[in-house]
Each structure stands twice: as structure tokens, then as C-alpha cells.
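Report on the following structure.
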Amino acid sequence: MKLIASLTELSSILSSYKQEGKTIGFVPTMGALHDGHMDLIRAAKQHADVVVASVFVNPTQFNNSSDLNLYPRTPEKDQALLAENGCDIAFFPTVETIYPINLITPSIDIAALEKVMEGAFRPGHFAGVVQVVYRFFELIQPDFAFFGLKDFQQVAVIQHMVKQLNLSVQIIPCPTKRELGGLAMSSRNLRLSPAQKEQALIIYKTLTFCQENCRKLSPKALRDAAVSFFEQSELQLEYLSISTTDTLEELQEKWPAQAVVCIACYCGDVRLIDNLILQID
């Protein structure tokens, strides 16, 4: 595995691969890697000749400076995991590398997608996500890019950006990897105590309740029933949304063939998100 920090070296290596006709698979991460990230690496290896992973804690997508400062950073462990799982290039850029003073980013309208759920509770978050992902696409020019569906809304936003800007990269969404008991793997889980991890299992229990009852109740009635799970738990619910999978429009009385339930909550001071696609028909 090649460990790279400079744009010059990255550009040179990628250029030689592309001249050989090799396809590039890209896995963007913010580090503190776990087996969910390794699933993305494994998926990239199946689709592409060369796998590039970035490790970059993007400051522009944090609307809370404390959250940014507390975000776990484990660079040595990250390098080892990437190497062990067959990553070809590990790119560890600095903030100055990604955001030079004269950087120009195209205007991207993500419209209603950024006004609900994460967008509503984390103002500016998706503007930061779009900015950094576009920048990485610009630098790496990947054929494929791999994103975990744990961040369902983020995947929808990035797919919207790719379509709007007519980019040539193909977005490959990958299933959420879960710990025993169903807790979605997340870098933030490192900040949970064993007791909090146990408390957080209510998230997946709520999601599976929604899957089991979506054919019996209207979206509104199901949402009301699901919210009650958190009234009896230690977690503080921020939102529980049942929406369409494309526009993320909140559903009320009628079901489409497919919907998604998304949850954000606090376990202590750790913010957790998760979701599950509901197959109605």
C-alpha cells in the first residue's frame, strides 16, 4: 500500500494507473476506521482495479466545534487496517491541501434534500459534505465511489450532486454494517461506554419494529408508535423520519412501494444516526 499526503505524488501515481487503463475505486472516510469501512474497501476491490481511500476529518461539515474536536482520530490503526484489507493507496491530506486559499467550488443546489433530517438539525452540514466530496472527485477522478448507507441522506445528496454536475463517477451505496445486537458501526461508537452501547440497541429495535409493522399502520401512525420507544429509554431522540427514498419527503397516510425510516438521537453526548429501508410491497 502506498501512503500519500501530497497532491503531486497522488496525481503522478493515479496518472500512471489510468494510462495503463486501470479503473479507480474511491472510498472517502474520516478515519477511526472499523469493519464497516473495510466492507467499503472490499466492495471497491470487487469493482475496480485500484482502490484509493482517503482519511480526512472534514471541518466544513461540522456545525459544532466540540463535535469536531472530539471526533476520534486513530491514524496509525487506520493505516494498518487499510493495508491489511488490500487498499492500494491511502491518502492522508491536510486541511490546507484540500482547501487551498484560491479554491473554487461549483455552485450545487441540493434543494429540499438539505432542509430535512440532518440538514434541518445540522445547518451547513451538507454544504460541507458536497464541497469535500466534489474536491476529492476532482483530485482523484474515480470511476467508482463507495458510500455506506448508514448515512442514507448523505448518499442521496451525493447522488444528486453527481447527476446535477454530470460527473462520470458511479456511486455505489453499500449496506450498513452492524455490531452484535444491531448497533450500526460508527466511528463515534468509540466514545460510548459499554452501558451506553447497550442503551443504544433501542435504535435498531425501533427500526425493526417499523419494518415489522409498516404494512399494518399508516406512516404517521407508525412514526407515533416508534417514537414511544425513546420515551422509555435513556436516549434523547432528535428526529424519527419516515419518508420517500428519493426526495426524502415525509410520509403521512399512504405508503409507496419503498420507504426509509431514519433516526438521529443522543446517547449521552454522542450523536448517533441509523436508518432502515422499508419494503412495503
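Since every read-out is calculated from the coordinates, none of them should be taken as a lab result. Note that the structure is a prediction, hence the values are computed from the model and not measured. Every residue, glycine as well, gets a Cβ built from its backbone with ideal geometry; the counts of neighbours run over all protein chains shown.
Tabulated data for the structure shown
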| item | result |
| --- | --- |
| Any hit, the range 126-145, residues being without any contact (Cβ under 8 Å) to a residue 12 or more places away in the chain, more than 16 Å from the chain's Cα centre (by Cα) and over 22 Å from Ile24 (Cα atoms) | no |
| Conditions (1) surrounded by 14 or more Cβ atoms within 10 Å (Cβ to Cβ); (2) touching a residue at least 60 places away in the same chain (Cβ under 8 Å); number of the one not met by Asp246 | (1) |
| Positions within the range 142-172 being of a type in the set (A, V, I, L, M), more than 15 Å from Thr245 (Cβ to Cβ) and part of a strand (DSSP E or B), in sequence order | Ala145, Ile172 |
| Extreme residue, farthest from Arg73 (Cα to Cα), among residues of the range 215-235 that are among the hydrophobic types (A, V, I, L, M, F, W, C) and surrounded by fewer than 19 Cβ atoms within 10 Å (Cβ to Cβ) | Leu217 |
| Candidates Leu68, Leu81, Leu40 - the one that is of a type outside the set (D, E, K, R), free of Cβ contacts under 8 Å to residues at least 40 places away in the same chain and assigned to a helix (DSSP H, G or I) | Leu68 |
| Residues that are surrounded by 16 or more Cβ atoms within 10 Å (Cβ to Cβ) and touching a Gly at 6+ places or on another chain (Cβ under 9 Å), drawn from the range 174-198 | Cys174, Thr176, Lys177, Ala184, Met185, Ser186, Ser187, Arg191, Leu192, Gln196 |
| Residue check for Tyr204: closer than 22 Å to Leu33 by Cβ and of a type in the set (Phe, Trp, Tyr) | yes |
| The range 173-223: number of residues that are without any contact (Cβ under 8 Å) to a residue 12 or more places away in the chain, closer than 19 Å to Ala259 by Cα, hydrophobic (A, V, I, L, M, F, W, C) and in a helix (DSSP H, G or I) | 1 |
| Among the candidates Leu113, Leu139, residue that is closer than 27 Å to Val261 by Cα and assigned to a helix (DSSP H, G or I) | Leu113 |
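Here is a yes/no grid of residues against (1) surrounded by 16 or more Cβ atoms within 10 Å (Cβ to Cβ); (2) among the small types (Gly, Ala, Ser); (3) in contact with a Leu (Cβ under 7 Å, 6 or more places away or on another chain):
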{"position": "Glu84", "(1), (2), (3)": "no, no, no"}
{"position": "Thr97", "(1), (2), (3)": "yes, no, yes"}
{"position": "Pro100", "(1), (2), (3)": "no, no, no"}
{"position": "Ile104", "(1), (2), (3)": "no, no, no"}
{"position": "Lys115", "(1), (2), (3)": "no, no, no"}
{"position": "Val132", "(1), (2), (3)": "yes, no, no"}
{"position": "Phe152", "(1), (2), (3)": "yes, no, no"}
{"position": "Leu165", "(1), (2), (3)": "no, no, no"}
